[in-house]
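Written out below as structure tokens is the structure these notes cover.
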């Protein structure tokens, strides 16, 4: 219903704060039919929240979580004072990564976007501590077995190169944990910066670091038609 996270909802149910058709329910897996069953929280009728979806230009150094047990700053610090309802990240970017990160209060929409079977491509600009040649780019696309996983990218090209490092554009059509960093490390290349610049047709554009904006209806629908795999890159 977009009123809170799954963890929050489970706590509410366990505390007896939720009633279905007038009866207190203590089982978080109790089935209901939305629009048919009467759901109350703390004695008040509850309606599904209006759907919200937004994009954030995540700064480096923030973790993608609502609360961090180590006390680190989280992406939610970017929304301080905005008066937004509960929102959950759609996928993740790790602490050292930057760029396009989606949030929504619609778990159905988020689940469709994160479905690994219909994932849209995600585009990253990656600064590395090496000067890439054709062999490195081919190796990234061919892939490397790391542990028991074959890690590969959909495409890789050099954007620009300096004296000691270069920027690559890397496109993924799947999402694995820290995929780009682990793949490059297996090829003895270190990542200096990693910025996600696009998810399918949705591009980061000129959105400033730490800034966010609501998605348009067309943007929401364009992502729903495809989908994007969640990744902690």
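Relative to the current alpha-carbon distance between residue 40 and residue 161, full extension at 0.36 nm per residue lengthens the span by 37.6 nm.
Cα centroids of the range 59-78 and the range 141-180: how far apart, whole angstrom? If you average the Cα positions of each part, the centres end up 26 Å apart.
The convex hull of the Cα atoms of the range 6-45, projected and averaged over all directions, covers 2.6 nm². Computed over the alpha-carbon pairs of the chain, the distance histogram in 10 Å steps reads 7, 28, 30, 21, 9, 4, 1, 0 percent, short to long.
Eigenvalues of the alpha-carbon gyration tensor of the range 90-225, scaled by 5 and square-rooted, set the equivalent ellipsoid semi-axes at 27, 18, 12 angstrom, largest first.
Taking 7 Å steps out from each Cα toward its Cβ at residue 9 and residue 72 produces label points 2.8 nm apart. According to the Cα-based calculation, Rg over Rh for the range 33-161 is 1.08, with Rh computed by the Kirkwood formula.
All of the numbers you see were taken from the coordinates with simple rules; none came from a lab. What you see is a predicted model, and the numbers here were worked out from it, not measured in a lab. Counting neighbours? That spans all protein chains shown, and the Cβs are built from the backbone with ideal geometry, glycine included.
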